[in-house]
Amino acid sequence: MTTDIKTSLINDLCISIQDTILIGIEQQPNDFIYLINTINLLTAFQNNGIKIDTTIFTDIYMDNLYREIRTFLLKPYKIEE
């Protein structure tokens with residue numbers, strides 16, 4: 001597998017996961033307590049002219065965000081009829 005194919009495939013998968021998480025935040029906000037509060041915090045800083053990125057958070061905090069996302073992605077998917 002060439003590097004271009006690997007990169008393209010990984011990019012496509014990441015976009016799909018991103019879309020799934022964004023939809024999940026809207027439809028199931030209780031599954032994203034850490035993520036939503038982090039988004040709100042960063043938005044509040046930005047609205048007050050303070051530029052901050054995720055490097056301010058500890059590894060433990062970021063692990064909580066990753067765990068929350070992983071838990072959501074591993075949930076059984078229900079197809080609505």
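Throughout, read-outs are computed from the coordinates displayed, never taken from laboratory work. It should be emphasised that the depicted structure is a prediction, and the values quoted were computed from it without experimental measurement. No Cβ is skipped: glycine too gets one built from the backbone with ideal geometry, and neighbour counts run over all protein chains shown.
Data table
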| quantity | calculated |
| --- | --- |
| Scope segment 40-55; condition surrounded by 11 or more Cβ atoms within 10 Å (Cβ to Cβ) and among the polar types (S, T, N, Q); matching residues | 46 |
| Total residues in segment 35-81, condition in contact with a Gly (Cβ under 9 Å, 6 or more places away or on another chain) and of a type in the set (S, T, N, Q) | 0 |
| Residue list for segment 36-81, filter: part of a loop (DSSP other than H, G, I, E, B), under 19 Å from residue 21 (Cα atoms) and basic (Lys, Arg) | 75, 78 |
